[in-house]
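*Asks:* Have a look at this one.
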């Protein structure tokens, strides 16, 4: 029975990992706490040894060592040996890369390669990049308790599902089940708080074996999208994390290969999640991307062309936001940007390269969604061909409109109503430009695939505006979540004055948690505002309600945003009440101070 492979690997791992943990202490294979590591206490690092031997026992018992699986197993064994040597001797990056290329050569030599291009040479080079890249991506992902092992387990489960449903490669199903059992047994000791790490012997072995299984998998889908999208979606999280770390380190003038606490997981901790919440959140993303790969595998291409890009856009926006969080110094110790760092900063911020690339996906999805919904969620071959032929026109017209209406001049963190008006104009401009281009270049559109081109173009404008507004507002939404998540000691305060200045004061306190203020209530003399909520803070009433607020929220101070009240009897009474209750009073001052030159 195939499931026995999983059980034997699980039991073997549960038995071997504690033995390896004892051996790690005996041989001093321990990761001690240091600046670029996450572990707060000394932790053994040979967990990969227990995983590998548990996997080997299950594979040998199940008879999965066959001619078709042998290259993958041999390459994985070579990678395990390389990682184990690195755990003891610490190989240099070039030496480690050479070892990875040699292991990849074994897999490729026996015919396993990505069949995407017509030329075998290009496919071989692409397969080398895939095997080495995914191996190192999972190695980089091994930066927090339970993270790399959990993501590897999720990927293994989805690969096992693919092998099971295809039914063409039973030996590879046994390999996947054996690997899943070995990883799960290890995770029992590695989930936060971890008592053992997998080390390079585990991360390199898992990364290479999983990358090889993805290449060896014979897809049941014949579409070119499936050949590329399924493996990419399965490993989407390691790919995004590696991309985020590489780009942010280059922009700081640092080497992407060095260790650090600036990965996606660490940034989620900075966002305010606990370690377990961060790990479980990344598990959820891995499951979601795995489900997306099954949608493509099931040949649901119509839905895939919407769901997959939207998933990538959402995760890219999250990664871009997390990249802004201060988890390490912005610059290297000498304070100087290197030439490569200057180029990265120039492209990212001044030339808006990432923003333009994101809009490429956004426009493509909005344009497809317009045609897809117009024709009842199903496009004929003729209509799909028309979409593909006219997509370049849609992209060109939209980019022209975006530049004309200043879409790329805005700052996402401060997007407001005025920006939304600009987005509506840009979307309308795109519809007009694309519509005119279609009428000029495709005068027969009303006779062929499209009966009325302006109906889907109207939908295109609606979806384009929604995508623009949602993507640009995402940073402000995440800022709101960030200020609620960040755990800091905050002083509860009452804000007097629920007008424009009071709203600005509360907004400033929420956007700057380092100030240490937590607004708990508004006081205002205007009865029309009583009971309203501004940025989550309720207007409870006038100054007579101060005693009630003191009993319910125990504020320690009052922020005064209305200077004119100080010269009134009501102001005198308010200050007297604050003195009586021991509240400090601070005045909001917004002014422009002249500097004498």
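Every number here is computed from the coordinates shown, using simple stated rules; none is lab data. Only a predicted model underlies this, so the values are computations on that prediction, with no experimental measurement involved. All Cβ positions, glycine included, derive from the backbone under ideal geometry; neighbour counts span all protein chains shown.
*Asks:* Taking the Cα atoms of the range 222-330, report the difference between the largest and smallest coordinate on each principal axis, in whole Å and largest first.
*Replies:* 47, 28, 19
*Asks:* How large is the convex hull of the Cα atoms of the range 353-485 per residue, expressed in Å³ as a whole number?
*Replies:* On the way: hull volume 15.1 nm³, N = 133.
With only Cα atoms used, the range 353-485 gives 113 Å³ per residue.
*Asks:* Okay, moving on. Would you please put 99-105, 278-284 in order of how densely packed they are, using the mean number of other Cβ atoms within 10 angstrom per residue and starting with the highest? Walk me through the numbers on the way to the answer.
*Replies:* Values: 99-105: 19.7, 278-284: 18.0.
Top to bottom by mean Cβ count within 10 Å: 99-105, 278-284.
*Asks:* Modelled label-to-label distance, residue 280 and residue 470, 7 Å Cα→beta-carbon offset: nm?
*Replies:* My value for the distance between the label points is 2.6 nm.
*Asks:* Spin-label point model (7 Å from Cα, Cβ direction): what's the residue 19 to residue 585 distance in nm?
*Replies:* Once both label points are built, they end up 7.6 nm from each other.
*Asks:* For the range 479-580, just list the percent of Cα-Cα distances falling in each 10 Å bin from zero outward, please.
*Replies:* Distribution as computed: 15, 49, 30, 5, 0 percent.
*Asks:* Between residue 572 and residue 514, what FRET efficiency follows from the Cβ-Cβ distance if R0 is 30 Å, with the result rounded to 0.05?
*Replies:* The formula returns an efficiency of 0.35 here.
*Asks:* Another question, if that's okay. What share of the DSSP beta bridges in the chain is antiparallel, in percent to the nearest 5? Let's see the in-between values first.
*Replies:* Working: 4 of 20 bridges.
Percent antiparallel among DSSP bridges in the chain is about 20.
*Asks:* Continuing with this model, one more query. Using Cα-Cα distances under 8 Å and only pairs 6 or more residues apart, what relative contact order does the chain have, in percent? Intermediate values should be presented prior to the final figure.
*Replies:* On the way: 859 pairs, mean separation 66.1, N = 597.
Once normalised by length, the contact order is 11 percent.
*Asks:* Subtracting the Cα-Cα distance from 0.36 nm times the residue separation, let me have the gained length for residue 97 to residue 403 in nm, one decimal. Walk me through the numbers on the way to the answer.
*Replies:* Numbers: separation 306, 0.36 × 306 = 110.16 nm, distance 4.32 nm.
Additional length available on full extension: 105.8 nm.
*Asks:* Across the range 41-172, how large is the tail of the calculated P(r) beyond 20 Å, expressed as a percent of all Cα pairs?
*Replies:* Working: 4676 of 8646 pairs.
Roughly 54 percent, rounded to a whole number.
*Asks:* Still on this structure, I have one more. Two decimals is fine: what is log10 I(q)/I(0) at q = 0.08 Å⁻¹ for the chain, from a Debye sum with one equal scatterer on every Cα and no solvent?
*Replies:* For the requested q values the scattering log ratios are -0.73.
*Asks:* Now a separate question. Any idea how far apart residue 441 and residue 548 come out in nm if each label point goes 7 Å out from Cα toward Cβ?
*Replies:* Here the modelled spin labels are 6.5 nm apart.
*Asks:* Round to the nearest 10 and give me the degree value, 0 to 90, for the angle of helix 569-581's Cα axis relative to the longest principal axis of the chain.
*Replies:* That helix lies at roughly 50 degrees to the long axis.
*Asks:* Could you work out how far helix 275-297 tilts from the main Cα principal axis of the chain, as a 0 to 90 degree angle to the nearest 10?
*Replies:* The two axes meet at around 60 degrees.
*Asks:* Using only Cα atoms, find the angle between the long axis of helix 417-441 and the longest principal axis of the chain, and express it within 0 to 90 degrees, rounded to the nearest 10.
*Replies:* So the inclination is approximately 50 degrees.
*Asks:* Separate question: What order do you get for 563-575, 452-464 when each peptide is scored by the mean count of other beta carbon atoms within 10 Å, highest first? Write down the numbers at each step before the final one.
*Replies:* On the way: 563-575: 13.7, 452-464: 19.2.
My ranking of the peptides, most packed first, is 452-464, 563-575.
*Asks:* Still on this structure, I have one more. Roughly speaking, what is the stretch gain from residue 32 to residue 491, that is 0.36 nm per residue apart minus the C-alpha to C-alpha distance, in nm to one decimal?
*Replies:* Values: separation 459, 0.36 × 459 = 165.24 nm, distance 3.72 nm.
So the extension gain works out to 161.5 nm.
*Asks:* Rank-order 381-393, 237-249 by packing density, defined as the average count of other C-beta atoms within 10 Å over each peptide's residues, highest first.
*Replies:* Working: 381-393: 15.1, 237-249: 20.9.
Most protected by this proxy first, the peptides run 237-249, 381-393.
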